[in-house]
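The values are calculated or read from the model by the stated rules, or taken from the named source; none is laboratory data. Because the structure is predicted, anything quoted here is derived from the model rather than measured. Every residue, glycine as well, gets a Cβ built from its backbone with ideal geometry; the counts of neighbours run over all protein chains shown.
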């Protein structure tokens with residue numbers, strides 16, 4: 001077959017075996033058998049006699065013509081695994097090595113379930129369904145009255161909060177601060193309004209928490225009454241054994257590890273994290289196989305003392321790769337300090353002290369107040385009162401410099417920037433750790 005008459009030649013183990021076992025007659029253009037011309041040996045050093053045997057010994061067939069070490073290296077450099085198939089393009093003078101992606105677990109499509117089937121799998125629903133029907137109806141009626149009473153109580157508290165409008169009163173009292181002579185009385189009034197505001201807010205939150213809990217129980221009870229006949233046909237062994245939250249692949253959110261259960265843990269990647277001051281986090285991926293290897297290595301710790309007496313756990317070639325520690329993803333404190341804008345804000349404040357009039361006026365009181373610390377340790381009463389009066393004397397001047405409108409806007413901008421930058425850093429860490437296949441432990 002001439003390469004001028006083909007655009008691509010797909011080669012797999014059966015076709016390669018047939019090409020090596022045949023020849024082209026130039027006169028007749030027919031393929032004649034010439035099995036005696038070339039012999040292909042399998043992994044057991046026995047000759048391959050048929051296409052079916054060649055199909056079962058794919059690597060041996062390709063190894064008879066190609067350098068398999070280079071083929072595997074080419075595939076692994078692109079994140080692929082050789083799939084025993086090639087495409088030869090004569091006009092372009094290249095060979096495309098086809099492969100498949102390395103995956104620990106084949107992708108499983110989630111099964112679509114009806115709403116009723118999902119409900120029947122919930123343990124809370126099954127637990128309510130085990131109660132007698134009459135008792136369940138009585139509990140439901142009682143719970144409905146409690147929910148109605150809590151709703152009415154919440155409406156009253158919300159109406160009271162709207163009528164009081166403590167926030168508006170606090171703002172009005174603050175405006176009187178500079179003109180009021182008796183500031184102690186005004187301060188007490190502001191604190192009373194704050195306590196009333198906080199008390200009302202906490203009461204509303206408490207009522208809403210109770211409502212959320214009771215409405216959830218009421219929902220399960222109503223569904224248990226509605227589908228009471230179906231509950232007894234459900235196999236309780238197939239239901240979820242616990243009420244813990246299921247963690248699946250690509251799930252989002254923050255949850256307590258004690259309240260979770262892993263499903264298909266081979267799809268998960270976790271990390272071990274070390275927290276510090278210079279380096280905020282140093283995360284290293286740790287797979288189940290690597291974790292098991294290091295446990296065995298700890299039992300044979302003598303391998304660390306004498307290289308000639310290697311432990312049996314290290315002599316296995318397949319697990320020697322675990323001796324190399326994975327690359328750690330490190331996030332330093334200086335990176336956060338610069339990234340969230342704290343360094344820029346500090347430099348701008350120091351520049352303002354040197355160049356502006358208010359900054360120069362603030363610098364002198366700060367230098368003197370730094371030596372007059374307000375502390376009761378090893379200080380007499382007269383000395384403490386003297387230091388306190390000095391701080392009160394320069395309080396307005398310091399506030400005029402540090403609490404201006406522009407500086408408050410800068411502080412607010414820094415908080416927003418810090419939130420975004422922290423989110424980007426966490427995303428960077430998760431992406432770096434998610435490159436490792438398998439299930440890992442986190443610390």
- Kindly indicate the residue of region 119-140 that is loosely packed, with under 13 Cβ neighbours inside 10 Å and part of a loop (DSSP other than H, G, I, E, B) and also farthest from the chain's Cα centre (by Cα) among those meeting that condition. 132
- Message: I need every pair where a residue in region 144-155 that is farther than 11 Å from residue 211 by Cβ has its Cβ under 8 Å from the Cβ of a residue that is part of a helix (DSSP H, G or I), sequence separation at least 6 or different chains.
- Response: 144/218
- When you go through (1) loosely packed, with under 11 Cβ neighbours inside 10 Å; (2) at pLDDT 65 or above one by one for residue 333, which number turns out not to apply? (1)
- Message: Can you confirm whether residue 202 is surrounded by fewer than 11 Cβ atoms within 10 Å (Cβ to Cβ) and either in contact (Cβ under 8 Å) with a residue 60 or more places away in the chain or in a helix (DSSP H, G or I) (or both)?
- Response: yes
- Message: Taking the conditions exactly as written (exposed (fewer than 11 other Cβ atoms within 10 Å of the Cβ), outside any helix (DSSP H, G or I), in contact with a helix residue (DSSP H, G or I) (Cβ under 9 Å, 6 or more places away or on another chain) and modelled with pLDDT under 85), does residue 109 satisfy them or not?
- Response: no
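Within region 349-402, which residues are part of a loop (DSSP other than H, G, I, E, B) and at pLDDT 80 or above?
Start the filter on region 349-402 by keeping residues that are part of a loop (DSSP other than H, G, I, E, B), which leaves 356, 370-380, 394.
Within region 349-402, 356, 394 qualify.
Would you tally the residues in region 31-48 being at pLDDT 75 or above and either touching a helix residue (DSSP H, G or I) at 6+ places or on another chain (Cβ under 7 Å) or assigned to a loop (DSSP other than H, G, I, E, B) (or both)? Write out each step before concluding.
In the first step, residues of region 31-48 are kept if they are at pLDDT 75 or above; the result is 47-48.
Still in the list and also either touching a helix residue (DSSP H, G or I) at 6+ places or on another chain (Cβ under 7 Å) or assigned to a loop (DSSP other than H, G, I, E, B) (or both): 48.
Adding up the residues that qualify gives 1.
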- Among (1) modelled with pLDDT of 65 or more; (2) over 30 Å from residue 425 (Cα atoms) - the single one residue 342 does not satisfy: (2)
- Query: So which pairs qualify, if the first residue must be in region 156-185 and free of Cβ contacts under 8 Å to residues at least 24 places away in the same chain, the second must be assigned to a helix (DSSP H, G or I) and loosely packed, with under 13 Cβ neighbours inside 10 Å, the Cβ gap must be under 8 Å, and the two must be at least 6 apart or on different chains?
  - Reply: 177/183
